[in-house]
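Written below as structure tokens is the structure these notes are about.
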Amino acid sequence: MSTDPSVVTPSEGQRARAAWEERATVYSIRIQDCDITLILLDPQPIINHSVTGEWIVPEGEGPQSNKNIFETRSEMLLPYTPVAPRGPDRNKPSRNHIFDILGQLNTARSTREDLIEWIQAGRDCSGPDAILGLVQIVHGDILGLLHLMAMILERINLDTMVDSHVVERLSHWRALVNRFQIELASMRSTLEPFIDFVYGTEAPTPVAFLVSDANQRIDKSLIQLEGFQNSLRAEVSVLESKRGINEAESVSKLTELAFFFIPITFVASTFSMQIKELQQAASLSSFILASAVAIGFSYGLRLVVRSSILLRYKRECFNNVRKYGRLGAGSRISTHVFLLWLLDRASLRWVFQNFQRVVAVGLSLSVLICGPVAIALIWALGKTSIRRKVLFTTLVLMLVCSLLVLLILKSFRRYR
């Protein structure tokens with residue numbers, strides 16, 4: 001009943017939790033107003049270890065008085081200790097019986113010995129009843145098993161906090177919980193028929209009380225196991241969600257490589273174009289410099305697109321468009337409504353109210369116009385080599401676009 005499937009045997013000094021099934025055969029007959037009951041119980045599981053060999057046996061005081069004999073020596077071993085007392089002393093939690101209870105926990109006893117104690121305890125009260133003593137033992141064993149199951153479920157709950165344990169031990173946990181459900185349902189279905197077989201329709205009050213209490217506790221444990229099954233399913237769904245998120249993040253990290261390879265591909269394709277002005281081969285330094293500028297521009301543009309300033313401005317614009325078009329929150333914005341809002345914002349009144357922003361936009365447009373003019377002058381008036389013209393053109397384009405983005409962001413910040 002270990003929660004770790006890799007631990008088959010416990011380590012030295014530790015104990016493993018285990019449970020097994022004992023069988024009892026009851027034969028009852030009534031002869032001349034006398035009830036005779038025969039109960040056959042399973043023997044106690046004892047390991048008999050025997051060693052045959054030659055042993056030294058002392059016969060006197062001196063070392064020469066010893067002699068060697070050939071014999072077989074046996075040793076009895078009890079492979080378990082009980083988790084709960086089974087005798088009548090368990091119902092007497094007093095200081096006088098505490099040592100007796102500890103003795104029962106340290107030394108395993110057979111079911112026959114426990115049954116004899118229950119019969120003797122019943123003789124002092126209402127009279128000896130072997131079946132009542134057997135039901136007392138069964139009731140105690142059921143309580144001990146339910147307590148052991150509760151401890152195992154608590155241990156599994158603690159292990160579910162570690163994702164690696166959930167992945168490795170989930171199938172074992174589900175098999176363990178299913179086994180618990182099967183065994184408890186079997187005990188629930190066989191306990192009452194056994195009492196009906198022994199006593200008929202009129203069972204003694206103590207026996208009926210013990211059976212009813214055991215059934216109620218089993219029902220509560222079955223409900224707990226069902227809830228635990230649902231919690232395991234929830235843990236699995238959460239784990240799958242985390243795994244999906246991690247995979248999506250790994251894929252998004254791979255897409256970051258596009259901001260590195262796409263600019264290089266663009267620069268490489270530019271230098272390899274079959275154009276008359278680009279027939280001269282470019283140097284390696286020119287290619288590296290142009291690639292670095294292209295990579296920096298593409299990655300900087302990515303940062304600008306994901307910047308909080310631009311995202312806030314975009315959100316505010318969408319809210320204003322919805323307010324202008326009298327749309328609900330979160331509703332889609334049609335192109336017609338967006339164009340009407342854009343024409344309204346482009347009116348003369350809005351220009352006077354947002355003078356600084358208009359100036360920023362004007363400067364940005366001026367830079368955008370001057371950039372192509374500079375590029376044209378480089379190609380028309382310059383007497384440098386073709387590869388330098390290509391390099392200077394790439395630099396101008398990157399600088400113009402970067403300056404344009406900065407001016408727009410600055411105007412947005414001032415407007416806010």
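Any idea which of S65, S94 is surrounded by fewer than 11 Cβ atoms within 10 Å (Cβ to Cβ), at pLDDT below 70, over 25 Å from I46 (Cα atoms) and assigned by TED's automatic domain parsing to the domain that holds I195?
S94
Tally time: how many residues in region 291-338 are under 30 Å from A268 (Cβ atoms) and out of contact with any Phe, Trp or Tyr (no Cβ under 8 Å at 6 or more places or on another chain)?
12
The values are calculated or read from the model by the stated rules, or taken from the named source; none is laboratory data. No experiment lies behind these values; they were computed from the predicted model shown. When we count neighbours, we look across all protein chains shown, and the Cβ atoms used for this are built from the backbone with ideal geometry, even at glycine.
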